[in-house]
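S.K.: The structure under discussion is supplied below as structure tokens; questions concerning it will follow.
The values are calculated or read from the model by the stated rules, or taken from the named source; none is laboratory data. What you see is a predicted model, and the numbers here were worked out from it, not measured in a lab. So basically every Cβ, Gly included, is an ideal-geometry build from the backbone, and we count neighbours across all protein chains shown.
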Amino acid sequence: MINIQKYLFFVMILTFSIVSFAQKNQKFVIVIDAGHGGHDTGARGVADLEKNIALDVALRFGNLIQANYKDVKVVWTRKTDVFLELSERTDISNANHANLFVSVHCNSASNTSASGTETFVMGLNKMSQTDDVSRRENSVVFLEKDKEKYEKFNPNDPEAVIAFEIMNAAYKEQSLRFADLMEKTFINQEGRKSRGVKQGNLHVLRNNASPSVLVEIGFISNQDEGTYLASEEGKQKAAESLYKAFQEYKREYDRRSGVDGQQSNEDKPIKVAETPLVGKKLKIRVMDSKTKFSPTSPQLKGLTDLDVVQEGDNYVYYLGETDLQSRADELLNTVKRKGFSKAKIVEVESNKKLEGVQNYRVQFMTSNKKYRDKDDKFNGLTNVLRVKEGGLQKYYFGQDKTMEEAQKTLKQVQEKGFRNSFIVTFNGENPM
Ligand SMILES: [Zn+2]
């Protein structure tokens, strides 16, 4: 049974703390939550996974705020590719006394023509059009250890709903305001299509003691929108739209609190948070080994998404790829904390082509048997090259001139079930 009186008391305390925060002129705290992460990949887009796009946009968005506002503290729930439970995200937000919580996600639908942005606030209306999104964004709880903690809240119990609505009332109006600003900015700044502001029972929003929204920055299942959102331009534009909406929200917040905030930047150009590198990218060279470890091997200490490249007798394990120095530093720290003390940042030229007949291929299978092209064993991979080496038949797929393309091919092969595959440099049809 829910005790309404207890909640009313809680609401009074919350209301009191909102007022006192504003009066003390403390820093405004925004918690930015990149959806998913680690083994929770989120939706699978045409060009990238939801967890990667969400993280990239979340970092850019927060970096813009940091570069332009001295009176705002930015907290990210995650800055790298790690798994977080939904309740951990809420805990981070509440522990930091957030004034605003923004969870960044990408949409996906089996109908690949679906497109546009939409923003959700927590709401329990019966006519919810958001069942699909709620189901998908809540589904991560099945990857969590204690699912039951979310089931304690029953959206069909009228008493629980009333208690929730009372609690949520303090934040709902502001949540709706920020949601509305974001959707308007997507239209006005980027010419994007908006599907509007909606309400749903979203676990990641429900227990936040602050105005909270979940923004779906577009459908990555859609060919055009998915390609755009995976591109540098698309991610930057999306982050700038979120930032513009934040500027307006913060102005209104300052006006309301009677605080002479930063009177921020309406006419000033946005200071770029950090200039992305041009013509080159940064990766983490995690380790070298004579052994090819499987992705679940303990030697990899739980790092997922490593790219393995055979260089001579060595297997080199790389992680990440970014055009931001700060992002690379962050990744390096994570990798070192995992115990890879020799890890370092390496520069790679973007789109550097191999010379002459050199090319990259992906080795996905080794066997003592000879298989013909299109064999069922290849799980649909065709134009497979077979090379005999040391009494074994090695099977290769793809033929790319740049490392970027080879990495895409590698992902494609891994998704066919060959999790253990890696990239090898070839001279024509011979491994180098
Ligand atoms: Zn999501």
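S.K.: Do any residues in the stretch 51-64 that are closer than 18 Å to residue 220 by Cα have Cβ atoms under 7 Å from those of residues that are within 16 Å of the ligand (Cβ to nearest atom) and in a helix (DSSP H, G or I), where the two are at least six apart or on different chains, and which pairs are they?
M.R.: That search, which allows pairs on different chains as well, returns 53/229; 53/230; 53/235; 56/235; 57/235; 57/238.
S.K.: Pick from 325, 299, 310: which is in contact (Cβ under 8 Å) with a residue 12 or more places away in the chain and either more than 28 Å from residue 58 (Cβ to Cβ) or not assigned by TED's automatic domain parsing to the domain that holds residue 399 (or both)?
M.R.: Numbers: 325 fails: either more than 28 Å from residue 58 (Cβ to Cβ) or not assigned by TED's automatic domain parsing to the domain that holds residue 399 (or both); 299 fails: in contact (Cβ under 8 Å) with a residue 12 or more places away in the chain.
Only one candidate passes the filter, namely 310.
S.K.: Okay, moving on. With the requirement that a residue be among the aliphatic types (A, V, I, L, M) and in contact with a strand residue (DSSP E or B) (Cβ under 9 Å, 6 or more places away or on another chain), what does the stretch 50-70 give you?
M.R.: So in the stretch 50-70, the residues among the aliphatic types (A, V, I, L, M) come out as 53-55, 57-59, 64-65, 67.
Residues satisfying the conditions are 53, 54, 55, 57, 58, 59, 65.
S.K.: Counting only residues that are assigned to a strand (DSSP E or B) and surrounded by fewer than 24 Cβ atoms within 10 Å (Cβ to Cβ), which one in the stretch 70-100 is nearest to the ligand (Cβ to nearest atom)? If you could, list the steps in order and put the result at the bottom.
M.R.: Step one: filter the stretch 70-100 for residues assigned to a strand (DSSP E or B), giving 72-76, 100.
If we keep only those that are surrounded by fewer than 24 Cβ atoms within 10 Å (Cβ to Cβ) as well, we get 72-76.
Details: 72: 25, 73: 25, 74: 21, 75: 20, 76: 16 Å.
Ranking the candidates gives 76 first.
S.K.: Being closer than 23 Å to residue 245 by Cβ and within 11 Å of the ligand (Cβ to nearest atom) is the filter here, so list the residues in the stretch 26-42 that pass it.
M.R.: Step one: of the stretch 26-42, the residues closer than 23 Å to residue 245 by Cβ are 26-36, 42.
Matches in the stretch 26-42: 33, 34, 35, 36, 42.
S.K.: Follow-up. Can you spot a residue in the stretch 423-432 that is assigned to a loop (DSSP other than H, G, I, E, B) and either touching an Asp or Glu at 6+ places or on another chain (Cβ under 9 Å) or closer than 24 Å to residue 291 by Cα (or both)? Full working, then the answer.
M.R.: Step one: list which residues in the stretch 423-432 are assigned to a loop (DSSP other than H, G, I, E, B), which gives 428-429, 432.
Then drop every residue that is not either touching an Asp or Glu at 6+ places or on another chain (Cβ under 9 Å) or closer than 24 Å to residue 291 by Cα (or both), which leaves 429, 432.
Scanning the stretch 423-432 turns up at least one residue that is assigned to a loop (DSSP other than H, G, I, E, B) and either touching an Asp or Glu at 6+ places or on another chain (Cβ under 9 Å) or closer than 24 Å to residue 291 by Cα (or both).
S.K.: Can you give me the number of residues within the stretch 275-319 that are surrounded by 14 or more Cβ atoms within 10 Å (Cβ to Cβ) and assigned to a loop (DSSP other than H, G, I, E, B)?
M.R.: Matching residues across the stretch 275-319 total 8.
S.K.: In the stretch 171-210, which residues are of a type in the set (Asp, Glu), over 21 Å from the mean Cα position of the chain (by Cα) and modelled with pLDDT of 95 or more? Walk me through it before giving the result.
M.R.: Taking the stretch 171-210 as the starting set, the residues that turn out to be of a type in the set (Asp, Glu) are 173, 180, 183, 190.
Next cut, over 21 Å from the mean Cα position of the chain (by Cα) only: 173, 180.
Once the filter is applied, which keeps residues that are of a type in the set (Asp, Glu), over 21 Å from the mean Cα position of the chain (by Cα) and modelled with pLDDT of 95 or more, the stretch 171-210 yields only 180.
S.K.: Tell me, yes or no, whether the stretch 47-63 has at least one residue that is part of a strand (DSSP E or B) and either within 16 Å of the ligand (Cβ to nearest atom) or at pLDDT 95 or above (or both).
M.R.: yes
S.K.: Next question. Please state which one of 134, 128, 103 is within 14 Å of the ligand (Cβ to nearest atom), in contact with a Gly (Cβ under 7 Å, 6 or more places away or on another chain) and modelled with pLDDT under 90. Give the derivation first.
M.R.: Numbers: 128 fails: within 14 Å of the ligand (Cβ to nearest atom); 103 fails: modelled with pLDDT under 90.
From the options 134, 128, 103, the qualifying one is 134.
S.K.: Okay, next question. Any residue that is in the same structural domain as residue 422 (by TED's automatic domain parsing) and free of Cβ contacts under 8 Å to residues at least 24 places away in the same chain - is there at least one of those in the stretch 358-367?
M.R.: Within the stretch 358-367, the first condition is being in the same structural domain as residue 422 (by TED's automatic domain parsing), and the residues that meet it are 358-367.
The next check asks that each one be free of Cβ contacts under 8 Å to residues at least 24 places away in the same chain; those that pass are none.
Looking through the stretch 358-367, none of the residues is in the same structural domain as residue 422 (by TED's automatic domain parsing) and free of Cβ contacts under 8 Å to residues at least 24 places away in the same chain.
S.K.: Here is a follow-up. Going by the conditions given, is residue 160 over 30 Å from residue 408 (Cβ atoms) and part of a helix (DSSP H, G or I)?
M.R.: Here the answer is yes, as residue 160 does meet what is asked.
S.K.: Considering only the stretch 168-182, I want to know if a residue exists there that is of a type in the set (A, V, I, L, M, F, W, C), in the same structural domain as residue 135 (by TED's automatic domain parsing) and not in a helix (DSSP H, G or I).
M.R.: Looking only at the stretch 168-182, we keep the residues that are of a type in the set (A, V, I, L, M, F, W, C), and these are 169-170, 176, 178-179, 181-182.
Those left that are additionally in the same structural domain as residue 135 (by TED's automatic domain parsing): 169-170, 176, 178-179, 181-182.
Keeping just the survivors that are not in a helix (DSSP H, G or I) gives none.
No, the stretch 168-182 contains no residue that is of a type in the set (A, V, I, L, M, F, W, C), in the same structural domain as residue 135 (by TED's automatic domain parsing) and not in a helix (DSSP H, G or I).
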